[in-house]
Each structure stands twice: as structure tokens, then as C-alpha cells.
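Right, one structure below, let's go through it.
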Amino acid sequence: MVHKFPWAKLPDEGLLQLRLKDLGVSVEGTWLSGCLDELHGELGQKGLRIRPHAWISNEWFSSDDSPGIAIPFYLTHQRLMRLERKMMIDVEGGTVPECMRILRHEAGHVMQHSYLLQRRRKWQELFGRSSKRYPASYRPNPASRRHVQHLPLWYAQSHPDEDFAETFAVWLTPRSNWRSRYTGWPALKKLHYVDELMSEIGAERPLLVGRTRVEPLNTLTQTLAEHYQKKQAHYAVEHPTIYDGDLRRIFSDDPKQTDAPAASAFLRRNRADIRQIVSKWTGEYQLTLDAVFDDMIARCRELKLRAVGSERQLKMDFIVLLTAKTIHHLYSPSRRQWLAL
């Protein structure tokens, strides 16, 4: 059954004035139901008894007092996904493969909470103390082999609970070939532990039962405008703003080149492609990269730089520059790398 919502025809300005609770969306009757069924099938194939329920909220999360998964509202309708893309550039979980990756991760949290796995001595030896305070930010080591790689930005390194959830997700993923992929990695010991632990407890009745819904959408009074203002601030990262030398190495400030296109116009024209490529290879959020683009375009305009030469080569050079700057910033001590989930 396809639900029709009056707000689907509203312009962005009108839609942003609505409260989250007034959207009236649910998992049922959407493509998310199929993803949830697929997750349940994967859990069954592994011999696990648990079947997480799901509900709609303002973001992805699982709670330690509910054996279920909260899914963000924007995934329930194409109109809301368009607004999410406009406001955040990315739509986290917006495709079936990406949605399944996140669901498997959240299922790992559900398993931990439902069986109180964090109380086991072996769990603590491998993953750490679950009681460790969640950081506001973390600085990952991309070369680390002590953690699996599942969600972007080396998320397993952020907290012991996330380390377990990511390890569980890799173990659960069909055809992940984790035994061969992680050969020689210390993380393989964690995967073997998860494999043995799931065989031990999979058919047991979980300690955490019920279908509690934490912060369901119909209780959230925040407007969409307020929601996105907070979300954009959460992902905002201060990048270095001194680009002059780098930009001059790519573009020209020679007064004789005034007939060449403005570098600022070149960057605006190629912005989406470059941003997507750099995001793919660095793991950085496109919204963060977009803020860097704003600064660089403004600086090119102020310096009156021109795009001289092959557009293909200029584009390649700029991709290299932005990738290098992003990688340097991602792993600098001052990096404020906000957690996505």
C-alpha cells in the first residue's frame, strides 16, 4: 500500500516548517520493510534466534534497553530523501546495500544488549570496557589491523561497543569471506570469537525482550528546520583556510590570462563530481567537503585566479589537492571527526 502525504507536494520552505511528529511515516509499506526482512533472513541463516524490530526516529541508533533499531525518517519517502540530500548532500542508508550495512551494524548492538555480552570477560579482553565513556570525537589510525573495516571512517575504532558491532556486521555479511580477507590481522581473533560466541548463544532466548520504541518520530516536536540546523552543525568541521599557495600552483594569477575562465567558475562547474570522488576515496562527508569548496571558490575569486590549460588536467590536479588536504586533516591531532551513528 502506497501512502499519500499532503506534505509531499510542499516546497522545501514549507516542508522544513513541519514538526517531525507530523510527518506520520512508518517502516511498514516502504522499501525498508524488505531490508528488515533481509536482515532477519541473514540472522536466521546464522542460526540466531533474535529478530530486531524497527521504528522511525530522527536518526540511526539502537538503545541498550530495547532489542530494536531506529531508522531515520527521511528513508521512508522519496520527497524526504530529496530534502535530506539538499540539506546534507549525502543520504546515509539511502540505497539497499548501504542500508543493509547499517542494519547489520545496529543488529550487532542489539545482540550485545540483548545478551549482555559486554559482561563477559573474553568480550572485555578483546573489545575493551563497554562502560568507557563515548567520545565526542575520535582520531582513527587508518593503518590499524586490530579493527575490521565495515562502515566509513574506521568507525570500529571509536568505542568498544562500536568495535563489537562492526565485527559482528562483518561476520554477518553474506559472502564477506572474513577468514581470508582478515588473514594476518589481529582483528581476525575478534571475528573468530564472534563466530564461536554466536554458535554458543544464538538459539538461546535473549534476556532483553519486548518491542519498546525509543524516541519514536511521533513524539518528536522539533521542526525539520531545527533538526537540520542541529545536524549540519554536528557535521561541520573547521578546515584550514589558507589555500593560496596550493591554489596558485593549479590556477594562474597572470594578468595576461584574463581571457581564460575564472577558477571560481571552474570549481563551481566541477564541484559535484570532485566532491563525490574525494568523498569516496577519503571517507569524508560530502557536506564537510562542500564547506571547503565554498572557502576555495571564494579565495579563487578574491585572488582573481584563472583556469588555464586542459580542463581534464586541472580537474585531476584539484582532486589530488583536495584529497591530500582532506587526508592530512582527517588524521591531524586537531581533527574533530564527529561520529555518524
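The values are calculated or read from the model by the stated rules, or taken from the named source; none is laboratory data. Only a predicted model underlies this, so the values are computations on that prediction, with no experimental measurement involved. When we count neighbours, we look across all protein chains shown, and the Cβ atoms used for this are built from the backbone with ideal geometry, even at glycine. To get the accessible areas, we keep the full protein, side chains included, count just its heavy atoms, and leave off ligands, DNA and RNA. Shrake-Rupley method; radii C 1.70, N 1.55, O 1.52, S 1.80 Å.
Yes or no: region 213-229 includes at least one residue that is free of Cβ contacts under 8 Å to residues at least 12 places away in the same chain, surrounded by fewer than 18 Cβ atoms within 10 Å (Cβ to Cβ) and under 30 Å from Phe293 (Cβ atoms). Scanning region 213-229, I find at least one residue that is free of Cβ contacts under 8 Å to residues at least 12 places away in the same chain, surrounded by fewer than 18 Cβ atoms within 10 Å (Cβ to Cβ) and under 30 Å from Phe293 (Cβ atoms), so the answer is yes. For region 82-94, filtered to residues that are over 13 Å from the mean Cα position of the chain (by Cα) and in contact (Cβ under 8 Å) with a residue 60 or more places away in the chain, the residue that is most open to solvent (accessible area, probe 1.4 Å) is Lys86.
Among the residues of region 95-104, the ones that are out of contact with any Phe, Trp or Tyr (no Cβ under 8 Å at 6 or more places or on another chain) and either open to solvent by less than 10 Å² (accessible area, probe 1.4 Å) or of a type in the set (Val, Ile, Thr) (or both) come to 4 in all. Filtered by the rule that a residue be within 18 Å of Pro52 (Cα to Cα), buried (at least 18 other Cβ atoms within 10 Å of the Cβ) and under 26 Å from the mean Cα position of the chain (by Cα), region 171-212 gives Trp171, Leu172.
When Leu314, Leu322, Leu330, Leu305 are screened for being open to solvent by less than 20 Å² (accessible area, probe 1.4 Å), more than 22 Å from Pro255 (Cβ to Cβ) and at pLDDT 85 or above, only Leu322 passes. Kindly indicate whether Gly29 is of a type outside the set (A, V, I, L, M), touching a residue at least 24 places away in the same chain (Cβ under 8 Å) and either open to solvent by 90 Å² or more (accessible area, probe 1.4 Å) or within 28 Å of Tyr228 (Cβ to Cβ) (or both). In short, yes. In region 239-257, the qualifying residues are those that are in contact with a Lys or Arg (Cβ under 7 Å, 6 or more places away or on another chain) and outside any helix (DSSP H, G or I), and the one that is modelled with the lowest pLDDT is Tyr243. Screening region 62-90 for residues that are closer than 19 Å to Tyr285 by Cα and either outside any helix (DSSP H, G or I) or small (Gly, Ala, Ser) (or both) and picking the one that is modelled with the lowest pLDDT gives Ile89.
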